Amino acid sequence: MNRWRYTSPLLLDNESTLTCEKNVRLYDGDQKTSFEGGELIITTHRILWGRPGAISKGQTCLALNLSLIVYIEEESPSAFSFSRSRKVLLHLSEPTDLEDGPQPSSIYNFIKLSFREGFGSDVVGILNDSIQKKAWEGRTVPKSVPQIKLRTGIVGIERSLQEKQKATDESISVAFQDLNKLMGMAKEMVSLSKMISTKIKDKQGDITEDETVRFKSYLLSLGIDDPVTRNAFKSDNQYYRSLAKEICDLLQSHIEDRGGMMALTDVFCWVNRARGLELLSPEDILSACQIMESMSLPLKLIQFSSGVMVLQLATLDDESVAEATAILLDDKGSLSSEELAQALGISVTLAKERLLTAEKHGKSCRDDSIEGLRFYPNKFLTN
Amino acid sequence: MSTSTSEWPWQYHFPPFFTLQPHPETRAKQVSAWKSLILDYCQKNKLYIVDVREAHQLPLFHNTTMNRKLDPSVIVSILSELAKTGNAAALDKAKNRWEIYWHTLEEWASMIYDHICELGMQNSVLTLFELSQGDDVQSKEFSGMQTDVLVKVLRVLENERKCELILSDEEQGVKFF
């Protein structure tokens, strides 16, 4: 009740009356107050309540800013009540101003509007609507000034290019504003990203092999036009088979770039990032990866003795991993998993698995000291 | 023995040497390298007794330049390996004190007996002190031998009926046959 303010019923700038109800009683939380049988006016900015006739005479009334309303619900009438009375619950945020109100403080975070004779119009709907519109923020739409377009000459072409760029920029920022909009624009984004990525690929000769460029091309080369979804298939088995194919198509080139291995957690992120909308559960991805080997796809699922699971190129076996790691070790003298991770651009877990694989094949040996675990070329066997 | 780098094998300066390797083949090489290093070190330093609890005071098990130590449990397991070939023996049940025999007791025994034969001292009595510290043995490898180890060596000869130990409180001697 401490959110109500005494005010004059005159409408503010841009404010307009939406609906009007009679015989309304105000509750502070669950408690009845003495404000009963009054008129309630809902405007785009406020809820006004006045004694019968007070508002039309311009006398002081109570007002509640719509900006304070957090959530609106209608209280379901109890089974024993036969009256037409309907109650609307308004959940409110803390008052921000310290102006004069009928009650300085309240223990409740909500108030109730009790319509003794029900309401003629859809009060809840109107309130919700005007809260969403936020008319009180007074956003006035600037009228667009007609522009004269130069269509000819190089200037014209440049300008139209610039405008296109601007539009692209805007659509990217709009797309990321919220998920709903992203979903609406997904198709457009995918085609856009494809376009940009092909452009980047075409220009690879001109642009320096900058890492940001490469990263961008990775990001933008993702995107699946037509994701495999469960609904399209009658049996799980078929679903997993086509999912496995999709994952392989998507990740094969990336895994090749990253040294032939990708942790399953990364696979999960990449695939879902590429799909964008029809997200996959970890179980589905795991099941799909498990059948890759039997389908003789270019990738296969490997589980290390530590329990870490990775997708690995089918052509890559433990021995060649061990061999490659040993060559690196010889080059560097010694490596910790962090250093190997940095050198190959792979995750630390994967780097450790590589070193352990090399150790298992007798290609490396460990130095476990207080400085951490390091691996050295296996001089015991080579010397 | 000096601790200069030239005296140590390459493994001593290889950090993984101080971590027990999990790979079986590698570990076998590592352990055998340790075994020969321990025997070499003890031989050069005439070290007959190693206490595992104080092992890190020996440069053998503690490479201070690299700051690497061999874990005591690993030391015990390597010494146990040495014990299998008769090159070491635990002195207590907790396996903390070890006698190291860079020559096995049998090798020592034949060395001492050869020496006695050379001098023609069969059928004569020598004190243990004479045998380990005497002028005649200065050039021999067993000079300065720990009395406990010497007794064990002579017990081997006794079993072969080549000598008889006379162990009384004041005088400890041995008679060769």
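Mean per-residue shielding of peptide A:358-367 is 5, counting Cβ atoms of other chains within 10 Å of each Cβ. Computed log10 I(q)/I(0) for the range B:106-177 at 0.12, 0.19, 0.21, 0.22 Å⁻¹: -0.25, -0.67, -0.85, -0.94, from the Debye equation with unit scatterers placed on every C-alpha and solvent omitted. The distance between label points at residue A:277 and residue A:235 comes to 2.9 nm (points 7 Å beyond Cα on the Cα→Cβ vector).
Among residues other than residue A:360 with Cβ under 14 Å from its Cβ, the summed charge is -2 (Lys and Arg +1, Asp and Glu -1).
Phi-derived couplings, Karplus 6.51 cos²θ - 1.76 cosθ + 1.60 at θ = phi - 60°, listed residue by residue for the range B:81-86: 4, 5, 4, 5, 9, x Hz, with x used for Gly and Pro. For the range A:5-137, relative contact order (Cα pairs under 8 Å, six or more residues apart, normalised by length) works out to 29 percent.
Using only Cα atoms, what Kirkwood radius does the range A:5-137 have, in angstroms?
On the way: mean 1/r = 0.0662 Å⁻¹.
Answer for the range A:5-137: a Kirkwood hydrodynamic radius of 15.1 Å.
Between the helical axis of B:24-45 and the dominant principal axis of chain B, each derived from Cα atoms, what acute angle in degrees is found, rounded to the nearest 10? It is inclined by approximately 50 degrees.
What does the extension gain come out to for residue B:73 and residue B:167, with contour length at 0.36 nm per residue minus their alpha carbon separation?
Details: separation 94, 0.36 × 94 = 33.84 nm, distance 3.64 nm.
That works out to 30.2 nm of additional length.
Measuring between alpha carbons in the structure, the pairs from A:22/A:112; A:352/A:379; B:84/B:175; B:93/B:152; B:95/B:175; B:29/B:84 lying more than 25 angstrom apart are B:84/B:175; B:95/B:175.
Report the charge-dipole magnitude of the range B:105-176 in Debye, nearest 20, computed about the Cα centre from +1 at each Lys and Arg Cβ and -1 at each Asp and Glu Cβ. Present the calculation step by step, with values, prior to reporting the outcome.
Details: 6 positive and 15 negative charges, 38 e Å.
Dipole of the range B:105-176, to the nearest 20 debye: 180 debye.
Magnitude of the charge dipole for the range B:5-100, about its Cα centre and with charges confined to Cβ atoms of Lys, Arg (+1) and Asp, Glu (-1), is about 80 debye.
With +1 on the Cβ of every Lys and Arg and -1 on the Cβ of every Asp and Glu, and nothing else charged, how large is the dipole of chain B about its Cα centre, in debye rounded to the nearest 20?
Values: 18 positive and 24 negative charges, 190 e Å.
Charge dipole of chain B: 920 debye, to the nearest 20.
With R₀ fixed at 25 Å, the C-beta to C-beta distance from residue A:76 to residue A:132 puts the FRET efficiency at about 0.60. Restricting the calculation to Cα atoms, every distinct pair contributes to the Kirkwood radius of the range A:230-313, found to be 12.8 Å. Using R0 = 30 Å, the C-beta based FRET efficiency linking residue A:157 and residue A:253 works out to 0.25. Modelled this way, with points 7 Å down the Cα-to-C-beta line, the labels at residue B:43 and residue A:103 are 9.9 nm from one another.
Near residue B:68, the amide H atoms lying under 5 Å from its own belong to B:63; only residues 5 or more places off or on other chains count, and H is placed 1.01 Å from N.
Relative contact order of chain B, please, whole-number percent, based on alpha carbon pairs below 8 angstrom and at least 6 residues apart.
On the way: 197 pairs, mean separation 30.5, N = 177.
The normalised contact order for chain B reaches 17 percent.
For the range A:337-381, what is the relative contact order in percent, using Cα pairs closer than 8 Å and at least 6 residues apart in sequence?
On the way: 41 pairs, mean separation 12.1, N = 45.
Here the relative contact order equals 27 percent.
Remark: the Cα gyration tensor places the range B:27-177 in the prolate category, a/c being 1.5 or greater and a/b exceeding b/c.
Less than 5 angstrom separates the built amide H of residue A:293 from those of A:301, all sequence-distant by 5 or more or on a different chain.
Bridgeable lysines around residue B:44 (alpha carbons under 20 Å apart, same-chain partners fewer than 8 residues away excluded): B:35, B:140.
Under 5 Å from the amide H of residue A:2 lie the amide H atoms of A:106, each residue being 5 or more positions distant or on a separate chain, with H modelled from the backbone and absent for Pro and chain starts. For the pair residue B:152 and residue A:314, label points projected 7 Å from Cα toward Cβ lie 6.2 nm apart.
Semi-axes of the equivalent ellipsoid for the protein assembly as shown, computed as √(5λ) from the eigenvalues of its C-alpha gyration tensor and ordered from largest down, come to 90, 37, 22 Å. Here the calculated FRET efficiency for residue A:17 and residue A:164, from their Cβ-Cβ distance with R0 = 41 Å, stands at 0.35, rounded to the nearest 0.05.
What are the semi-axes of the equivalent ellipsoid of the range A:318-382, taken as the square roots of 5 times the eigenvalues of the Cα gyration tensor, listed largest first and rounded to whole Å? Let's see the in-between values first.
On the way: eigenvalues 48, 40, 21 Å².
So the three semi-axes of the range A:318-382 are 16, 14, 10 Å.
Using only Cα atoms, tell me the angle between helix B:147-159 and the longest principal axis of chain B; keep it within 0 to 90° and round to the nearest 10. So the helix axis and the longest Cα principal axis differ by about 60 degrees. In a fully extended conformation the segment linking residue A:117 and residue A:287 would gain 55.2 nm over its present Cα-Cα distance, using 0.36 nm per residue. Think of chain B as a dipole: +1 on every Lys or Arg Cβ, -1 on every Asp or Glu Cβ, centred on the Cα centre; then among B:38, B:26, B:145, B:26 lies furthest on the positive end. 3J(HN,Hα) along the range A:319-328: 5, 5, 4, 4, 4, 4, 5, 4, 5, 4 Hz, from the Karplus curve 6.51 cos²θ - 1.76 cosθ + 1.60 with θ = phi - 60°, whole Hz, x for Gly and Pro.
Karplus-derived 3J(HN,Hα) values for the range A:17-29, using 6.51 cos²θ - 1.76 cosθ + 1.60 with θ = phi - 60°, are 6, 9, 7, 9, 10, 10, 6, 10, 10, 9, 10, 9, x Hz; glycine and proline are entered as x. The stretch between residue A:67 and residue A:96 holds 9.4 nm of extra length on full extension. This uses 0.36 nm per residue minus the Cα-Cα distance.
Here, each number is a calculation from the coordinates, and none is a lab measurement. Since the structure is predicted, the reported quantities are computational estimates derived from the model, not experimental observations. Counting neighbours? That spans all protein chains shown, and the Cβs are built from the backbone with ideal geometry, glycine included.
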